[in-house]
Amino acid sequence: MFTNIGRRLALLNALVVIAVIALAGLVTYLALRQSLDAEVDEALRLRVEQVARAWEERSFAEPLVPAGQREDDEREERGEEILREGDTIVLVVDSAGRVVSNPRGIALAGIPIRPGIERALGGEDDRRTVEIAGVGAMRVLTVPVRHDGEVVGAVQALRSLREHQRELELVQWMTLLGVGLGAVVAVPAGLFLAHHAMRPINAAFERQRAFVADASHELRTPLTLIRASAEFALQDPSLPVAEVQGELAAILEEVDRTDRLVDDLLVLARLDTGQLPLRRAPHDLGKLVARAAQGMRPLALERGLVLEVRNADRCGVIVDDDRIIQVVRILVDNAIKHTPAGGRVEIATECVGNEARITVRDTGVGISPEHVPRVFDRFYRVDTARSRADGGTGLGLAIAKAIVEAHGGRIWLQSRVGEGTTVTVALPASGRAATGDEADTGG
């Protein structure tokens, strides 16, 4: 699913890169063409104005023919050569449109450019680009020549655009090359980047899918037991309630287990989406731990364990007290469940640098090294049979981790088989008092 999305994103990225290169090339081409046209027009303007001023006071009575005129074929060939070299050709015509000055002796079909001459004789400047056979594109500027306020002729200047077109063609080829290279580079680069960018999304999706599968499995077990117990109780409707009391009790037990599981799932879902409100306020971490431990003492006594609380410092924190108490109870409950009778569970608080830490240490069975990295995963159980028997869902440590991280803290675990486990919670500290609470111990 996400692989196809990644490919589409890569192709879209490649198209965007290609479009940007093409757009940059187009803008460069248009800007260069405008600049070159302006340069040619300015050069032609200066030339025709100079010639026009020289002819304003001269007579157009007799056409002027350059000396040493060559044969027509030779003149045409020479004219093409001159124009291709980029020289500027200037012609002067009288009011009848006859050429009266052709200093370079140019004789080419289509020159002078008659539409421009006609417009100039009408009193207007004319700029245009024309195609001349054998020469190519020409830029032409024609202006009127006036004498005593009347138009008595026109000056026309022509210049080849061959060199400019070569520059524009170079830009075109560079743009096409850039588009090609962009396609060659952007597509594999986009696929590579999309692959790496989609990794966290794929991982999150896989975790979510595993979470849904595990949740479905966990819900299926109590629902199956509830159904079986209910079907057994309904086999003989005439039986008194006392005879199916065990089945009814089993149904209630599984309902309670399912209710706890649903609550845990809701807490995780709200933490994942940031919708679990945290009512933060200043608290003394030691007092919060003492409150949490007080509710766990009966369970410790029932299991034959010693529960000890040590508050080395008075650590100030800004937290949601109910959620931090929930974290401590999850950790202590976990320690109690995995510590044999006669063992010890110790809870300690201390300030270390800018952190306020809670440490829950037990003398239980410990956890094998291969399980330690996964103990905070959702629905992960080191001992599946035992956890189910104790009513565990495999979500406690995952919830504790999510709550701690929502407070900007961190949590980690150290364990050795046969020696016990130590879980440490570090929260941002808001202050420390010089005098600490006395250690609260008990068993």
Let me confirm something: among 186, 197, 233, which residue is of a type in the set (Gly, Ala, Ser) and at pLDDT below 70? 197
Residue list for the stretch 262-319, restricted to those being among the polar types (S, T, N, Q) and outside the structural domain of residue 400 (by TED's automatic domain parsing): 273, 275
Does the stretch 422-437 contain at least one residue that is at pLDDT below 85 and either under 21 Å from residue 268 (Cα atoms) or among the hydrophobic types (A, V, I, L, M, F, W, C) (or both)? yes
When only residues in the stretch 174-191 that are more than 22 Å from residue 30 (Cα to Cα) and in contact with a Leu (Cβ under 8 Å, 6 or more places away or on another chain) count, which is surrounded by the most Cβ atoms within 10 Å (Cβ to Cβ)? 190
Please go through the stretch 99-116 and give me each residue that is closer than 24 Å to residue 164 by Cβ and either surrounded by 14 or more Cβ atoms within 10 Å (Cβ to Cβ) or within 57 Å of the chain's Cα centre (by Cα) (or both), ordered by number. 104, 106, 108, 111, 112, 113, 116
Having 1 or more residues that are in contact (Cβ under 8 Å) with a residue 60 or more places away in the chain and over 30 Å from residue 35 (Cβ atoms) is the bar; report the strands (runs of 3 or more DSSP E) wholly within the stretch 97-148 that clear it. 136-147
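The values are calculated or read from the model by the stated rules, or taken from the named source; none is laboratory data. It should be emphasised that the depicted structure is a prediction, and the values quoted were computed from it without experimental measurement. Reconstructed Cβ throughout: ideal geometry from the backbone, glycine too, with neighbour counts over all protein chains shown.
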